Amino acid sequence: MRRPSVVLDTNVIVSAHLKQDGLERFVLDLALSRALTMYASEEVLAEYSDVLRRSRLGISPALVKRSLELIRNAATIVRPKRVADLPFDPDDNKFLDCATAAQAHFLVTGNKRHFPRTWQETRIVSARESLQELVPTMSR
């Protein structure tokens, strides 16, 4: 079986930066270390950049720059086709499209209510759920 693959919603990326000992940070660290295969599209990366740079979050510009470099270097970039058209939050469709193009195992989000439980072959999970499932498989 191939290495577990993930697409990370922006709220996971933001939480990982705001809470260094949180589950979202652990998921991001696993992806950055390539224990997970992380996928992103240029549109997803642009949203990460836009949101992390918001002054109200208080994340230093130097940290944002370095984090975005690490994410870009660790991620496999896909070029998704427009498929998703969900009514909950149209901005979230880019993550479903990315997961489809990547054939990702998981889309990790802090907003599961904005997504279906599954999307094609991808399961929509929280950081906690992803770790409960992924960490045991990594020790095999």
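The values are calculated or read from the model by the stated rules, or taken from the named source; none is laboratory data. In this text the structure is predicted, and so the values were computed from the model without any measurement. All Cβ positions, glycine included, derive from the backbone under ideal geometry; neighbour counts span all protein chains shown.
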Quick one: in the range 99-125, of everything that is assigned to a strand (DSSP E or B) and in contact with a helix residue (DSSP H, G or I) (Cβ under 7 Å, 6 or more places away or on another chain), which residue is nearest to SER15 (Cα to Cα)? VAL108
Any pair with Cβ under 7 angstrom, 6 or more apart, that starts in the range 8-34 at a residue that is touching a residue at least 24 places away in the same chain (Cβ under 8 Å) and ends at one that is among the basic types (Lys, Arg): LEU23/ARG128
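Just to be sure I understand, how many residues within the range 1-27 are outside any loop (DSSP other than H, G, I, E, B) and either under 13 Å from VAL135 (Cα atoms) or charged (D, E, K, R) (or both)?
Step one: list which residues in the range 1-27 are outside any loop (DSSP other than H, G, I, E, B), which gives 5-8, 10-18, 23-27.
Narrowing further to those that are either under 13 Å from VAL135 (Cα atoms) or charged (D, E, K, R) (or both): 5, 23-27.
Residues meeting the conditions: 6.
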The range 50-75, residues that are surrounded by 12 or more Cβ atoms within 10 Å (Cβ to Cβ), under 18 Å from ASP29 (Cα atoms) and either under 13 Å from the mean Cα position of the chain (by Cα) or touching a residue at least 12 places away in the same chain (Cβ under 8 Å) (or both): LEU52, ILE59, VAL64, SER67, LEU68, LEU70, ILE71, ARG72, ALA74, ALA75
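Take VAL83 and decide whether it is under 25 Å from ARG2 (Cα atoms), among the β-branched types (Val, Ile, Thr), assigned to a loop (DSSP other than H, G, I, E, B) and modelled with pLDDT under 95.
Values: under 25 Å from ARG2 (Cα atoms): yes; among the β-branched types (Val, Ile, Thr): yes; assigned to a loop (DSSP other than H, G, I, E, B): yes; modelled with pLDDT under 95: yes.
The answer is yes for VAL83.
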Flag for ALA31 being within 16 Å of the chain's Cα centre (by Cα), crowded, with 22+ Cβ neighbours inside 10 Å and either at pLDDT 95 or above or not in a helix (DSSP H, G or I) (or both): yes
Being charged (D, E, K, R) and within 15 Å of THR37 (Cβ to Cβ) is the filter here; which residues of the range 96-122 pass it? GLU121
